[in-house]
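**Q** Questions regarding the structure given below will be posed in turn.
Values in this text are rule-based calculations from the coordinates and carry no lab data. The structure displayed is predicted, hence computed values, not measured ones.
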Amino acid sequence: MAKTTLQTGTSSGEAQYVKFVENIVVKLTDNAASFPDMDPTLADLQQALTAFKKAQADAAYRDKRLVVIKNQTLASLKTVVYHLSLYIERKANGDPAIILSAGFNPSKTFTLKGEAAPKPKNFSVAVSANLSGVADLRVNNWRAVLVYQFEYRKKNGEEWKRVMSSKSRVTITGLEPVQEYEFRVAYIGRNPLLTYSDIVSSYVF
């Protein structure tokens with residue numbers, strides 16, 4: 001039984017990944033009748049791809065802020081593609097022809113779910129008295145990660161807000177000053193089950 005893979009071809013890099021996603025868009029457009037209940041939707045994928053391509057162009061001159069935005073939009077795009085691959089995998093039920101018709105590459109050998117993501121370790125939160133409403137989050141790398149899912153909320157308060165990153169660190173802005181927040185992180189890999197880090201609490205200046 002074949003599984004969907006996120007292999008982009010013989011080379012890697014942002015340009016190759018864009019081509020990989022563009023091919024998925026073309027295939028899913030051509031074969032939309034085969035995937036009527038697509039989740040995420042094709043519109044979700046196109047929106048994420050457009051956002052990344054714009055951020056990529058904006059960051060062409062290596063402005064640090066724009067590079068951060070580009071990396072964040074790439075992580076968001078990868079998250080949409082990842083969840084879409086899980087949908088296609090369920091729909092295909094092991095049929096490599098269906099996987100190919102969606103623009104993904106089928107696996108050569110069957111694996112049940114992939115390596116389970118471990119509990120993230122050495123998760124840290126740093127705030128600065130000189131920067132209001134800003135928190136820098138870091139965690140150990142994991143070799144099989146597709147994307148890092150950072151989350152935060154006010155202490156014992158609202159629902160978790162999510163920030164996706166292709167890097168093991170992220171800067172969160174726009175936090176309310178003089179408030180205590182809770183932070184956590186999870187690795188997203190091929191296995192869809194998430195294991196969160198310990199929650200870290202910190203006051204934001």
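**Q** Restricting things to alpha carbons, find the Rg to Rh ratio for segment 150-205 using the Kirkwood radius for Rh.
**A** On the way: Rg = 12.0 Å, Rh = 12.2 Å.
In segment 150-205, Rg relative to Rh is 0.98.
**Q** Rg and Dmax of segment 95-189, using alpha carbons, in Å: what are they?
**A** Using the Cα atoms of segment 95-189, the pair Rg, Dmax is 17.7, 56 Å.
**Q** Which entries of Lys3/Lys54; Lys19/Lys161; Lys121/Lys155; Lys19/Lys70 have Cα-Cα distances beyond 28 Å here? List each step's numbers first, then the result.
**A** Details: Lys3/Lys54 31 Å; Lys19/Lys161 30 Å; Lys121/Lys155 21 Å; Lys19/Lys70 17 Å.
In this structure, Lys3/Lys54; Lys19/Lys161 lie more than 28 Å apart at Cα.
**Q** Could you pull out every one of the aspartates and glutamates with an alpha carbon less than 15 Å from that of Lys108, ignoring same-chain neighbours closer than 8 positions?
**A** Glu89, Asp95
**Q** Using the Karplus curve 6.51 cos²θ - 1.76 cosθ + 1.60 with θ = phi - 60°, work out ³J(HN,Hα) for each residue of segment 88-97 in order, rounded to whole Hz, and write x for Gly and Pro.
**A** Those phi angles translate into 4, 4, 5, 5, 6, 6, x, 8, x, 5 Hz.
**Q** With θ taken as phi - 60° and the coefficients 6.51, -1.76 and 1.60, list the Karplus ³J(HN,Hα) couplings across segment 48-61 in order, rounded to whole Hz; mark glycine and proline as x.
**A** Once θ is set to phi - 60°, the couplings for segment 48-61 become 5, 5, 4, 4, 5, 4, 5, 5, 4, 5, 5, 8, 4, 9 Hz.
**Q** Taking amide H atoms as placed 1.01 Å from N in the peptide plane, list the residues 5 or more away in sequence, or in a different chain, whose amide H sits under 5 Å from that of Phe205.
**A** Hits under the 5 Å cutoff: Ser128, Gly133, Val134, Val178.
**Q** Right, here's the next one. Quick one: 3J(HN,Hα) in Hz for segment 123-136, Karplus 6.51/-1.76/1.60 with θ = phi - 60°, rounded, Gly and Pro as x.
**A** 7, 9, 10, 10, 10, 10, 5, 8, 10, 6, x, 10, 9, 9
**Q** With n ≥ 4 as the cut-off for DSSP H runs, can you work out [θ] at 222 nm for the chain, using -39500 (n - 2.57) per run divided by the number of residues, rounded to the nearest 500? Present the calculation step by step, with values, prior to reporting the outcome.
**A** On the way: 4 runs with 69 residues, N = 205.
Value at 222 nm, helices only, nearest 500: -11500 deg cm²/dmol.
**Q** Once all Cα-Cα distances of segment 1-147 are split into 10 Å bins that start at 0, what whole-number percent is in each one?
**A** 10, 33, 33, 18, 6, 1
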